[in-house]
Structure formats: C-alpha cells, structure tokens
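The structure under discussion appears below in the form of structure tokens.
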Amino acid sequence: GQPQNELDALMKNDPEFRQLYHRHRELDKQVLDAELGVLPLDDTTLVKMKKEKLNAKDRLTRMFDRRKH
C-alpha cells in the first residue's frame with residue numbers, strides 16, 4: 001500500500017529492495033498456489049514460506065519507511 005512513484009524509485013535505486021520485493025512476490029504466488037492446491041506442499045514447508053514472506057514484507061516496509069525519513 002505504498003505510493004507507486006516512491007516504490008518505483010526504490011525499485012530502481014536499491015538492488016537489495018528490488019531483490020527482496022521480487023522474492024516476496026514469488027513467495028506470495030507460491031503460498032497462494034499451495035493454498036489453492038495447485039502447488040503440493042507439506043504443512044511445514046508452507047508455514048516456513050509464510051514466515052519468510054512475512055519477514056520479507058516487514059523488511060520491505062522498514063526499508064521503505066527509512067527512505068521517507
């Protein structure tokens with residue numbers, strides 16, 4: 001839910017942010033696929049992926065907020 005132009009600037013100028021952003025999107029898709037039954041995963045793997053996704057989102061949010069201040 002960040003302003004798109006600020007997000008675009010971070011994506012362009014910060015390789016770590018860009019990599020983490022893409023990883024979060026990849027995890028988001030895999031978790032959704034697993035929940036829909038498209039991607040067969042055991043519960044332990046799914047829980048680990050959800051935790052990694054949440055950690056990535058938290059880090060992205062902190063990186064974004066740091067840039068604004």
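So that you can scan it fast, the table gives a plain yes or no per residue for (1) within 11 Å of the chain's Cα centre (by Cα); (2) at pLDDT 95 or above; (3) open to solvent by less than 90 Å² (accessible area, probe 1.4 Å); (4) within 12 Å of LYS57 (Cα to Cα):
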{"site": "GLU6", "(1), (2), (3), (4)": "no, no, yes, no"}
{"site": "LEU10", "(1), (2), (3), (4)": "no, no, yes, no"}
{"site": "PRO15", "(1), (2), (3), (4)": "no, yes, yes, no"}
{"site": "LEU27", "(1), (2), (3), (4)": "yes, yes, yes, yes"}
{"site": "ASP33", "(1), (2), (3), (4)": "no, yes, yes, no"}
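Please list, ordered by first then second residue, the pairs with beta carbon atoms under 7 Å, 6 or more apart or interchain, first in segment 9-36 and under 16 Å from VAL47 (Cα atoms), second of a type in the set (D, E, K, R) and surrounded by 13 or more Cβ atoms within 10 Å (Cβ to Cβ).
Cβ pairs passing all conditions: HIS24/LYS53; HIS24/LYS57; LEU27/GLU52; LEU27/LYS53; ASP28/LYS53; VAL31/LYS50; VAL31/LYS53.
Does any residue of segment 32-46 turn out to be in contact with a helix residue (DSSP H, G or I) (Cβ under 7 Å, 6 or more places away or on another chain) and not in a helix (DSSP H, G or I)?
Yes, there is a match, as at least one residue in segment 32-46 is in contact with a helix residue (DSSP H, G or I) (Cβ under 7 Å, 6 or more places away or on another chain) and not in a helix (DSSP H, G or I).
The values are calculated or read from the model by the stated rules, or taken from the named source; none is laboratory data. This structure is a prediction, so every number in the text was calculated from the model and none was measured. Methodologically, a virtual Cβ is constructed for each residue, glycine included, from the backbone with ideal geometry; neighbour enumeration extends over all protein chains shown. In case anyone asks, the SASA skips ligands and DNA or RNA and just uses the protein heavy atoms, side chains included. Shrake-Rupley method; radii C 1.70, N 1.55, O 1.52, S 1.80 Å.
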